[in-house]
Amino acid sequence: MRLGRVESFVSTNLGHVAGVSEPYVTLPSVPYLAPPGSATAGSLYIDGRWREARNGRVREILNPADGSVLTIVSEGGRADTEDAIAAARRAFDSGEWRRVSEDERGRLLDRIADLLQRDREEIAVMESLDTGKTIEEGRIDVDDVTDVFRYYAGLAGKDAGRLVSAPEGVHSKVVYEPVGVCGMITPWNYPLLQLSWKMAPALAAGNTMVVKPSEITPVTTAKLVELTTEAGVPAGVVNLVTGSGPDAGAPLSEHPDVDLISFTGGLATGRRIMAAASETVKKIALELGGKNPNIIFPDVDLDTAVDYALAAAFFHSGQVCSAGARLIVHNDIHDAFTTELARRAEAIRVGRGQDQDVRCGPLVSAEHRAKVEAAVARGVEEGARIIAGGRRPDDPDLAQGYFYRPTVFVDCERSMDIVQDEVFGPVVTVERFETERQAIELGNDTDYGLSGGVWTNDTARGERVAAALRHGTIWINDFGPYFPGAEWGGYGRSGIGRELGPAGLDEYREAKHVYRNLAPEPQRWFG
Ligand code: NAD
């Protein structure tokens, strides 16, 4: 993730919303995204063909910046997901895709990466309109996704297995094979990015798949599926069902023909998927939520630490699993730090993600904003004090959208819900500490364990605290970046398994031991 790279936004050739003088962009015209008002839509991609849902149902996808209808997609149900599973099963069992050499699969991934870059601006705009994030964040997503495809293109074919030490007369090797049909269920905050962490390694390893994006933000998922086809991925290998979790998603975790479920989303859904997948003992990978500590020691440059703390907490309006939503600040600098944090939080420009200089776009839906507001109200009830935000923006132009101002809570205690629960919005809490030991205790006082940060100029202390924190990623004097080559995932209730890195490929491979007796002779085992 490349926080902070800024490019100017050019709206030419992307169209304008009728009646709006500002250069608000619209979705490109593509067959799988029907225009607002359409009674039919063909956003299911099954066995190499775009089609409607069997029951003909459709869903309106809203622009979170103003509540208008952005596009219409198919509302797939159980029967459609079963069709998609059957297509993926046939494509896997025919063996054709598995027989494509790993080098060739790597070349396909590279081609997908090229196509992502070709359509970079279009995809960034789609993601911005659909999720509310800024177009610049959309561009960053496309570049990160491109890097993920290139990384797994590079890994494909590089590890064909290994010889194992064996007694004389025996040849022993371990080879890797694809797991089979993979169900991929993704959340609304990073639709394209989260899918790429699953799709790229799954394709590299030779699996087939059924993708079920969030029902709120399916737009760029459909685009990526289209690009896989353009790149030459055969029919049936990648299938897409748009629709709700219970109707289109749940059949994936229940169906005996699905071999693996990879899920990114909330804890409650993760639990349900895990329970359902246990019936058929599927392989399972879960990337769940986080409540990520960001620990600030007093020896740091305050200006820099406040700056990074803001981005950590409020990037994508805090709708980030690894958001630095829980600041833990040393007593000596607490007051100066929080005063500056609040001042800058109040100065953050909230607005449409398509407008220049906006830092925080809308929250993804009215329902989600209501949840964030309820969490803030609960924080106040518990005795935490708001020193910035805590309200919707005053700007009447934003009244129809799902906006919420960056919010800073002080006087927070570790026992409070506002400190323990994932809010998944632009809300940061600040706790105090005195000793390194207290900081570590607070940093580990969570059921989650996705990521955390530590700020200090004392290298040894930074390493000590990083070693003591029980989270899947630790940043020292930074917050947020990751690399395709470094594993990502959670301790505790943040999930099971790892995405990215070599382990992210292993999730999609079975290791098979092949033992060959070079000169079998009768053993007279029966006496
Ligand atoms: P969610 O759990 O509500 O939904 C995620 C996906 O699951 C959606 O596609 C949804 O339709 C589907 N779903 C819902 N019920 C289902 C069921 N019974 N069976 C199968 N599928 C079902 O999550 P969300 O609100 O879309 O996303 C926010 C959550 O995602 C946050 O908790 C966030 O922390 C987490 N997240 C984690 C990571 C990570 O890397 N750990 C990354 C991004 C988001």
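Listing for the model above:
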{"read-out": "The range 233-249 - phi-based ³J(HN,Hα) in whole Hz, Karplus 6.51/-1.76/1.60, Gly and Pro as x", "value": "5, x, 4, x, 6, 10, 10, 10, 10, 8, x, 7, x, x, 8, 8, x"}
{"read-out": "Rg to Rh quotient for the chain, alpha carbon positions, Kirkwood Rh", "value": "1.00"}
{"read-out": "Full-stretch length increase - A275, R392 - with 0.36 nm per residue and alpha-carbon distance subtracted", "value": "38.3 nm"}
{"read-out": "Cut-off 14 Å between beta-carbons: net charge of the residues surrounding D83, Lys and Arg +1, Asp and Glu -1", "value": "+1"}
{"read-out": "Extension gain (nm, one decimal) between D114 and A160, 0.36 nm per residue minus Cα-Cα", "value": "14.0 nm"}
{"read-out": "Prolate/oblate/rounded call for the range 338-384, Cα gyration tensor, a/c under 1.5 rounded", "value": "oblate"}
{"read-out": "Cα centroid of the range 377-407 to Cα centroid of the range 342-366, whole Å", "value": "12 Å"}
{"read-out": "Carbon and sulfur %, accessible surface of the range 440-527 computed with the full protein complex present, 1.4 Å", "value": "51 percent"}
{"read-out": "Reachable lysines from K223, criterion Cα separation under 21 angstrom, eight or more residues apart if same chain", "value": "K133, K198, K212"}
{"read-out": "Rounded to whole Hz, the Karplus (6.51, -1.76, 1.60) HN-Hα couplings of the range 420-427, x for glycine and proline", "value": "8, 8, 6, 8, 6, x, x, 9"}
{"read-out": "The range 220-307: GluC sites (Glu not before Pro) falling in loop per DSSP and having at most 13 other Cβ within 10 Å", "value": "E279"}
{"read-out": "Accessible area expressed per residue, the range 48-141, with surrounding protein chains retained (probe 1.4 Å, Å²)", "value": "38 Å²"}
{"read-out": "Solvent exposure ordering (accessible area, 1.4 Å, most first) of L450, L70", "value": "L70, L450"}
{"read-out": "Sum of -39500 (n - 2.57) over DSSP H runs of 4+, divided by residues of the chain (222 nm, nearest 500)", "value": "-11000 deg cm²/dmol"}
{"read-out": "Long-range amide H partners of I284 with built H, under 5 Å", "value": "I261"}
{"read-out": "Cα shape, the range 109-151, gyration tensor, a/c 1.5 rule", "value": "prolate"}
{"read-out": "Computed accessible area, I348, all protein chains, 1.4 angstrom probe, square angstrom", "value": "30 Å²"}
{"read-out": "Surrounding net charge for W488, when Lys and Arg each add one and Asp and Glu each subtract one, Cβ distance under 11 Å", "value": "-2"}
{"read-out": "Chain lengthening between D303 and D93 when straightened (0.36 nm per residue, less Cα-Cα)", "value": "69.8 nm"}
{"read-out": "Heavy-atom accessible area per residue - the range 199-302, 1.4 Å, Å²", "value": "26 Å²"}
{"read-out": "The range 138-203-the range 411-464 distance, computed between alpha-carbon centres (Å)", "value": "33 Å"}
{"read-out": "Beta bridges by DSSP in the chain, antiparallel share as percent, to the nearest 5", "value": "40 percent"}
{"read-out": "Tensor-based shape of the range 463-511 (alpha-carbon gyration tensor, a/c under 1.5 rounded, otherwise prolate or oblate)", "value": "prolate"}
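The values are calculated or read from the model by the stated rules, or taken from the named source; none is laboratory data. Bear in mind the structure is a predicted one, so any value in this text is a computation, not a measurement. Neighbour counts run over all protein chains shown; Cβ positions are idealised from the backbone, glycine included. For accessibility, only protein heavy atoms count, side chains too; no ligands or nucleic acids. Shrake-Rupley method; radii C 1.70, N 1.55, O 1.52, S 1.80 Å.
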